[in-house]
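Everything below concerns the one structure shown next.
The values are calculated or read from the model by the stated rules, or taken from the named source; none is laboratory data. No experiment lies behind these values; they were computed from the predicted model shown. Positions of Cβ are backbone-derived with ideal geometry, glycine not excepted, and every protein chain shown enters the neighbour counts.
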Amino acid sequence: MTAAIATRALSHRYGQRQALTELSLEIGAGEIFVFLGPNGGGKTTLFRLLSTLIPLASGDATVLGYDLRRQVQPIRERIGVVFQSPSLDRQLTVAENIRHQAALYGLFGGPLRKRLEEMLVHFGLRDRAHELALRLSGGLRRRVELAKGMIHQPQLLLLDEPSTGLDPGARSDLWNYLRQLRERGVTVVLTTHILEEGEQADRIAILSSGRLVALDSPAALKRSVGGDAITIDTDQPALLAREIGQRFSLTAQTIDGQVRLEVPDGHTWISRIVEAFPGRVAAIRLGKPTLEDVFIRCTGHRFWQQPEEVAT
């Protein structure tokens, strides 16, 4: 089966700044796939490339089997795009916004009426069809954005930071809709900086400073951490990290003024560490691996911390 998206050594530069570096991966048809990373990680550049907003400069990519460099028009006809910034005309009704989008794809008359009704029902907007967009909540506006992106029945839906501005309830609704789209055979690819959203995906690609640092299912990525995560507050984190490594032959890191280490059966290590360094441990916490632990393991710094800020 042809991959929905395949990239090989995809790179992009803005002047002297390298925004994306040698990205190679494949996204299968029918996946919910998330590009996860902090702001500045390369997500938006990748979104612009895949949605044909900027031309391919270096590397190769195919979208739905079409060459991203040479076959832009067939790609545009087969993808739906939902931007991070609102694209609704606030002075038009819900139905009018969707109709204007449909016109761009040559949908008119009976076929348009049928598709519009389907979208209004599917996204729970039927009773809002004649309401002005400016009167809608953030969650309802996002539903209209999705309806616009799906009006022409695309095979692939690209979403850039779709949860921006949504409250937790609206975010949950959004993910329910995305899972329904997957059940219909639509491939859903989105960018996000929200770690919790990565948990909802079939697979995640973690980007940091324009590079791919991890790629797998959320469960597999967390298993790769290799145990439980222990975080220690202490007055001299660098010294304690070094001494823990020497005494127990463990790899301990200093992150944001804390000592972090990953060990199997973490609960058995709590008392051992406290007893080994009396009076040195102000607080110690145990947690199961998270996607941030994966990010730290791959990059050596926290999710929101820039690489140049990392303590040596």
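Filtered by the rule that a residue be β-branched (V, I, T), closer than 27 Å to T21 by Cα and in contact with a Lys or Arg (Cβ under 7 Å, 6 or more places away or on another chain), segment 51-97 gives T52, I54. Return the residue satisfying two criteria in turn: it lies in segment 152-180 and is of a type in the set (D, E, K, R) and surrounded by fewer than 16 Cβ atoms within 10 Å (Cβ to Cβ), and of such residues it is farthest from F35 (Cα to Cα). Of everything passing the filter in segment 152-180, D167 is farthest from F35 (Cα to Cα). Residues in segment 94-113 that are more than 20 Å from E131 (Cβ to Cβ), hydrophobic (A, V, I, L, M, F, W, C) and part of a helix (DSSP H, G or I): A103, L104. Within segment 12-24, the presence of at least one residue that is at pLDDT 95 or above and either small (G, A, S) or over 27 Å from A214 (Cα atoms) (or both) is confirmed. Counting residues in segment 169-183 that are over 26 Å from F303 (Cα atoms), assigned by TED's automatic domain parsing to the domain that holds L107, touching a Lys or Arg at 6+ places or on another chain (Cβ under 8 Å) and at pLDDT below 90 gives one or more. The residues listed here are Q258, Q246; of these, the one that is farther than 30 Å from T7 by Cβ, at pLDDT 85 or above and in contact with a strand residue (DSSP E or B) (Cβ under 8 Å, 6 or more places away or on another chain) is Q258. Scan segment 141-175 for residues that are without any contact (Cβ under 8 Å) to a residue 24 or more places away in the chain and within 21 Å of R115 (Cβ to Cβ) and the total you get is 0.
Whenever a residue of segment 209-231 is farther than 27 Å from A19 by Cα, its partners that are aromatic (F, W, Y) and at pLDDT 90 or above, lying with C-beta atoms within less than 9 angstrom and at least six residues away or across chains, give the pairs D228/W269; I230/W269. Among the residues of segment 103-142, those that are surrounded by 13 or more Cβ atoms within 10 Å (Cβ to Cβ) and of a type in the set (F, W, Y) comprise Y105, F123.
Among the residues of segment 55-89, those identified as assigned to a loop (DSSP other than H, G, I, E, B), of a type outside the set (G, A, S) and within 28 Å of R143 (Cβ to Cβ) are L64, F83, Q84, P86, L88, D89.
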